[in-house]
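Take a look at the structure set out below.
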Amino acid sequence: MESRSMRRLRVRFLLTFLAGVVAAGLAPIVTSNVSYSKASRYDDLSLFTNVLTLVRSNYVEPIEDSELIRGAVRGMLDQLDPHSSFLDVEAYEEMQVDTKGEFHGLGIEISKQKDGFIEVISPIEGTPADRAGIQARDLIVKICPTEVPEDWEEDCRSTKNMTLFEAVSLMRGKRGTEITINIYREGFSEPQPFKVVRDVVKVVSVSGKLLEPGYGYVRVRAFQESSVEELERALAEIHTEAGAPLEGLVLDLRDNPGGLLDQAVRIADLWLSDGLIVYTKGRRENQRQDFLAHDDATEPDYPIAVLVNGGSASASEIVAGALQDQRRALVVGKDTFGKGSVQTVFPLEGDHGLRLTTALYYTPSGRSIQEVGIKPDIEVARVDEFARAKPRRRMREADLEGHFTQGDADPDAAPQSEDEKVEDPEISDQELEASAADSTDHQLDRAIEVLKSWTYFEHLRNKDEPAPSLQARAPETTP
C-alpha cells in the first residue's frame, strides 16, 4: 500500500497543477513547502498542461475541458484521507439536506458492511420504508432506480460495490415516485422485490422517554441543526413525567454517525458546567481551538450511562469522550468507530462544494481517538436483538483506505498491537439461539443496572436515606 508520505507528494503535485490551471497560466503558485522550488512548480505545471493538451487533441472521443478539470480535482482529493472529497451539485445539496433533517425518500438508516451489501440499520417509524415492510438487518442487494442512469446497461444494480452515497442518491427522489429495492432477509430463499413510494421524510434526531420511575432514556440518532433543541424538549418531558429528580439517565449514541460539531459541543455542554469539551488542532500550532463548557442551563447532577458501539462515530465520540474524561458519565457498550478528524465544507462556484479535513480533535485529557475509538468503561457485547445469523463485521475508520493513523494524530502514542485492534467478537450458536427468542436490549439493561448500582452506593454514603431496591426491571423492547 502506498505510504502517506508518498500520497502527500502526489497531492502537492496535483495541487500545483490545478492551481496553475485555475489561475489560467503562469501566475505564481503559493505553497507552504519552501523546499518546493519555483522551477519545480513550473515544470509540474508544464507537465499537466501537456497532458491536458494531448488528451484534448488525441483522446478517442471529444471531452469537455470542464470534465477533465473536475476529474483532476476528484483525483487530487482521492489522494487525501477518505473524508475529503469534491462535492458536485447533487452531493453538495445532499449534504445540506442531511444536516436539516428533512428530505424526499424512503426513510431508512443504512450502513455499508466491509466488502458487502447495504444493510438496513432500521426503518424510521411512519415512513414509506416502514409502511412497505422493510425491517432492521435487511440487506439491500439491488436497487432499481426510477430513472436509470445513462451509463447503466441494466435496470437494477447490485449494491455490493456501491458506496453509501451512491445508494442514498439512488433511493432519494421526488415525492410520489416509486422505486424497487431487492431485499434479502433471513428466511428468504432468494432476494425479494419491495416497491416503495417516496414521501417527505422528517428525521427526528432525538427521542426520549421515562424507562421506569427515576430513570430516563434519550437517544440521539444524528447531530443535526435542531438536535440541541430536540434534546432539551425531550429532557424537559422526562423531568415532567418523572415528577421528581432523576436517579439516572441513559444517553444512547449507538449507530449515531455524527454530524455537526457545534451541536455535539452544545449537547455535551448540557451536562458539563466547566472545563474542556473538545479541542481541535490543525496544521499549525496557532490553529488550536478550544471548546469550553458553560455553567448556564446545565442539567442536574444525576448519574449518566452513555451507550456506544462500532456505529458511534465523530460527533458521537466527541460527546462520549467529553463526558468520560470529565468523569460525568460511564461509557457502556463496545469500542466506537474511531473517526477523530474534523471536516470543513467550503462552497465553490456553480453550487459545488469541497469537504476537506482541516483538523484533528482531541478529548479533554488530550486523547486522540483517531483509528482506535472510545473505549467503554464497561464493555458489553450486544447479542443483536435483530440477528438471526452471525453478525457481520462492521466497517470502522481503520478499514478505510488512506485514513489517518493513530500515529499521525498522536506521534507519542504507542502503536497498537495486533491484540489491541478492534474486532467484533464471535457469538456462539447457543447465544444466537437464545437471542432469537429474546428481544431484550442487553446493553440497555446493563446501563440501567450500572445506574442503579451507582445510586445504591451513593445512598450507602448517606445513612439517613433508605437504599433503593436493586430489583431487575422487566425486559422490554429496545426503544
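When the residues of the stretch 54-71 are filtered to those that are closer than 16 Å to GLU349 by Cβ and surrounded by 10 or more Cβ atoms within 10 Å (Cβ to Cβ), the one that is nearest to the chain's Cα centre (by Cα) is ARG70. Residue check: LEU210 meets all listed conditions (1) touching a helix residue (DSSP H, G or I) at 6+ places or on another chain (Cβ under 6 Å); (2) outside any strand (DSSP E or B) but one, namely (2).
A single member of GLY350, GLY373 is assigned by TED's automatic domain parsing to the domain that holds VAL308 and at pLDDT 85 or above, and it is GLY373.
Scanning the stretch 284-317 for residues that are assigned to a loop (DSSP other than H, G, I, E, B), without any contact (Cβ under 8 Å) to a residue 12 or more places away in the chain and closer than 26 Å to THR358 by Cα turns up ARG284, ARG288. Counted as qualifying within the stretch 46-140 are the helices (runs of 4 or more DSSP H) with 2 or more residues that are touching a Gly at 6+ places or on another chain (Cβ under 8 Å), namely 89-100, 128-132. Within the stretch 163-186, if we keep just the residues that are part of a strand (DSSP E or B) and out of contact with any Asp or Glu (no Cβ under 7 Å at 6 or more places or on another chain), the residue that is surrounded by the fewest Cβ atoms within 10 Å (Cβ to Cβ) turns out to be GLU178.
Taking the criterion of being surrounded by 15 or more Cβ atoms within 10 Å (Cβ to Cβ), touching a Phe, Trp or Tyr at 6+ places or on another chain (Cβ under 6 Å) and not polar (S, T, N, Q), would at least one residue in the stretch 286-298 satisfy it? No, because not a single residue in the stretch 286-298 is surrounded by 15 or more Cβ atoms within 10 Å (Cβ to Cβ), touching a Phe, Trp or Tyr at 6+ places or on another chain (Cβ under 6 Å) and not polar (S, T, N, Q).
Listed by first and then second residue, the pairs with beta-carbon distance under 6 Å, at least 6 apart or on different chains, first residue in the stretch 139-153 and farther than 14 Å from ARG172 by Cα, second charged (D, E, K, R), are LEU139/GLU119. The set of residues from the stretch 269-283 being aliphatic (A, V, I, L, M) and in contact (Cβ under 8 Å) with a residue 60 or more places away in the chain comprises LEU276, ILE277, VAL278.
Conditions (1) under 19 Å from LYS339 (Cα atoms); (2) touching a helix residue (DSSP H, G or I) at 6+ places or on another chain (Cβ under 7 Å); (3) not assigned by TED's automatic domain parsing to the domain that holds ASP325, marked per residue:
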position	(1), (2), (3)
HIS239	no, no, no
GLY243	no, no, no
ARG254	yes, no, no
ILE267	yes, yes, no
VAL278	yes, yes, no
GLN287	no, no, no
LEU292	no, no, no
ASP296	no, no, no
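Suppose we filter the stretch 226-237 for residues that are crowded, with 19+ Cβ neighbours inside 10 Å, small (Gly, Ala, Ser) and either assigned to a strand (DSSP E or B) or touching a helix residue (DSSP H, G or I) at 6+ places or on another chain (Cβ under 9 Å) (or both); how many remain? Counting residues in the stretch 226-237 that are crowded, with 19+ Cβ neighbours inside 10 Å, small (Gly, Ala, Ser) and either assigned to a strand (DSSP E or B) or touching a helix residue (DSSP H, G or I) at 6+ places or on another chain (Cβ under 9 Å) (or both) gives 1.
The values are calculated or read from the model by the stated rules, or taken from the named source; none is laboratory data. Predicted, not measured: the structure shown is a model, and the values here were computed from it. Methodologically, a virtual Cβ is constructed for each residue, glycine included, from the backbone with ideal geometry; neighbour enumeration extends over all protein chains shown.
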